[in-house]
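Scroll down for the structure; my scribbles are underneath it.
The values are calculated or read from the model by the stated rules, or taken from the named source; none is laboratory data. Owing to the predicted nature of the structure, the values given are computational and were not obtained by experimental measurement. Cβ sites come from the backbone with ideal geometry, for glycine too, and all protein chains shown count toward neighbours. Heavy atoms of the whole protein, side chains included, go into the accessibility calculation; ligands, DNA and RNA do not. Shrake-Rupley method; radii C 1.70, N 1.55, O 1.52, S 1.80 Å.
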Amino acid sequence: DNSVVTYPSITADGSQWRDDWGTFGGVSYFTTLTTLDPVLFIWETNLWASDGTPAGTEKLMVLPGVVNPDVLEIGGQAHIIVPGADAASWEMHATDGTAAGTVLVASGPSYVRNWVAGETWAVLDTDDGLVLTDGTAAGSMLLPDTVGAAVHQALDGWALVSMIEESRGLELALVNSADGSIVPLPEIQPGPASTTIYHTVVADQRLWVTAFRADVGNELFTLDLTPFLPAPDAAL
C-alpha cells in the first residue's frame, strides 16, 4: 500500500550511519559520524557492533575525524585495525563485539596501507614493513627487510607480496604464514631493475599476473606455484 514504516534509531546517540564493515560471528560492525563543529568541519567516527537489536548494539571506540577502520576475521574472531593514539601509528584490537571484550593485541609506529588474511593469520602492509600476525600479541611480528613491500593476496598458507631486494629490485615473493619466512619467486624483470605489479590471479597452481617488463611493456605473465600450493580438487 506504499506506506512507510520508520524504525527507531539503533544507535540513539544522534550520530548518523556511515558505512558497514562486515559481519563476523553473528555480529555486524559499522561506523557512524558525529558532527562536533559544523562551522569548523570537525567530526568524529564511531565504531559500533550490533547483533541486530538495540540492547545488543554497543559503541566500541571513537576515532578522530573521518577515519575508516579495517575489520577482518582471524581464527574465527573479529579484529579491528584503527589509527593509534599517536600520529602516524596503528593499533589492532581483537573483539567479541563488546566494548569490554575489545582488547589491543598489536600496534606499530606507522600506517597500515593494506592487508591480506587467511583463516588463522594476516599480513599487514605498513610503512615499517610487513607484519605477520595470528591476531594475538605474542603471535605478531615485523618481518625484517620488508620496507617498501606490498601485499597482493592470500593463498593456501602463503601471502603473495612484492618486495624490494638490492639484486632483484621489486619482484614477487611468498610469505610463509607459519613462520614468516620469505621465498622469492622468479623475476619478471631480470636484474636489479624493478617491475610494476598490477593484478594477480591464482588458478590451478599457477599465478597469472599483469606487470611491466622493459622489453615488452605491460603484459600478462604466468608463474608455476606447484611447489607451494596443493593440487586442486579433481571434482573442480
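For residue 42, the solvent-accessible surface computed with a 1.4 Å probe is close to 70 Å², ligands and nucleic acids excluded.
Decide, for the stretch 138-234, between rounded, prolate and oblate: order the square roots of the alpha carbon gyration tensor eigenvalues as a ≥ b ≥ c, take rounded if a/c falls under 1.5, and otherwise choose prolate if a/b is larger than b/c, else oblate. Note, shape of the stretch 138-234 comes out oblate. Charge dipole (Cα centre; +1 on Lys/Arg Cβ, -1 on Asp/Glu Cβ; no other charges) of the chain amounts to roughly 180 debye. Accessible surface of residue 61, taken over heavy atoms with a 1.4 Å probe and every protein chain present, rounds to 30 Å². At 1.4 Å probe size, with the rest of the protein present, what percent of the exposed accessible area of the stretch 137-219 is carbon and sulfur atoms? Here it works out to 55 percent. The heavy atoms of residue 41 offer some 140 square angstrom of accessible surface to a 1.4 angstrom probe. Of the residues 122, 150, 203, the one that moves most in a GNM of the chain with alpha-carbon contacts below 10 Å is 203.
Ranking 175, 66 from most to least accessible surface, computed with a 1.4 Å probe over the protein chains only, gives 66, 175.
Sequence-ordered 3J(HN,Hα) estimates for the stretch 161-176 from the Karplus curve with 6.51, -1.76 and 1.60 and θ = phi - 60° stand at 10, 10, 8, 9, 10, 4, 8, 10, x, 8, 9, 7, 8, 10, 9, 6 Hz, glycine and proline given as x.
Per residue, the stretch 30-144 exposes 45 Å² of accessible surface when a 1.4 Å probe is rolled over the protein heavy atoms with every protein chain present.
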